[in-house]
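As structure tokens, the structure follows; a few thoughts come after it.
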Amino acid sequence: MKVISKISELLERDKVQRICYLIALFIWLLPWSIGDFSFYNTHSSFGIKYIWLVSIPAILLTIQIILNKTIIWATIFGLFFMYSVFSIYSILTDIIERSGNHVKAISWSFFEICLLIVYFFCLFLINLIIYKLKPKKISCISQKSITFALWIDLTSI
């Protein structure tokens, strides 16, 4: 339990949160930057161009790295949570539909079952990490002191 509380304390720090979002941005852009870029103009199964599916999360992560605001965190958390629910729903619906149909029957190997468990665990872990990355609100007193300090710096120039 001490390890979990230490990790929670670490994730509450502003600089650590920004570094985590930077790592997430690199992880998000890495698979999209490999290979041919011609597919960006094609449409996904949702009818949305891939360029928008790549750039909207990248823009949100970049803004969160710069500002680290609760509203952007809520948007990122909401989008990833909806993706997780949709993904789990789609997979479980497909499994249930195929279980009664002998034409499209599923033959599961041990590796495929382990892969599915790892996928669900990764979704849970990423949701938990994003939840723990919620930025702390700055109290009114410290926010006023920061504003006053910036005003003094600007007037001294």
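The values are calculated or read from the model by the stated rules, or taken from the named source; none is laboratory data. Because the structure is predicted, anything quoted here is derived from the model rather than measured. Note that each Cβ is placed from the backbone with ideal geometry, even for glycine, and that neighbours are counted across all protein chains shown.
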For the range 1-41, the count of residues that are aliphatic (A, V, I, L, M) and closer than 15 Å to Leu61 by Cα equals 9
For the range 24-49, which residues satisfy the criterion of being assigned to a helix (DSSP H, G or I), surrounded by 12 or more Cβ atoms within 10 Å (Cβ to Cβ) and either of a type outside the set (Phe, Trp, Tyr) or in contact (Cβ under 8 Å) with a residue 12 or more places away in the chain (or both)? Ala24, Leu25, Trp28, Leu29, Trp32, Tyr40
Look through Ser90, Ser55 and report the one residue that is surrounded by 13 or more Cβ atoms within 10 Å (Cβ to Cβ) and assigned to a helix (DSSP H, G or I). Ser55
Testing Ile96 on (1) among the aliphatic types (A, V, I, L, M); (2) within 13 Å of the chain's Cα centre (by Cα); (3) assigned by TED's automatic domain parsing to the domain that holds Ile126; (4) farther than 16 Å from Ile130 by Cβ, one condition comes back false. Which one is that? (2)
Mind listing whichever residues of the range 69-87 are in contact with a helix residue (DSSP H, G or I) (Cβ under 7 Å, 6 or more places away or on another chain) and more than 19 Å from Leu133 (Cβ to Cβ)? Ser87
Residue check: is Phe121 surrounded by fewer than 11 Cβ atoms within 10 Å (Cβ to Cβ) and out of contact with any Ser or Thr (no Cβ under 8 Å at 6 or more places or on another chain)? yes
Tally, over the range 1-23, of residues that are assigned to a loop (DSSP other than H, G, I, E, B) and either surrounded by fewer than 10 Cβ atoms within 10 Å (Cβ to Cβ) or in contact (Cβ under 8 Å) with a residue 12 or more places away in the chain (or both): 2
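Would you say Thr147 is more than 24 Å from Ile65 (Cβ to Cβ), at pLDDT below 95 and not charged (D, E, K, R)? Write out each step before concluding.
Details: more than 24 Å from Ile65 (Cβ to Cβ): no; at pLDDT below 95: yes; not charged (D, E, K, R): yes.
Here the answer is no, as Thr147 does not meet what is asked.
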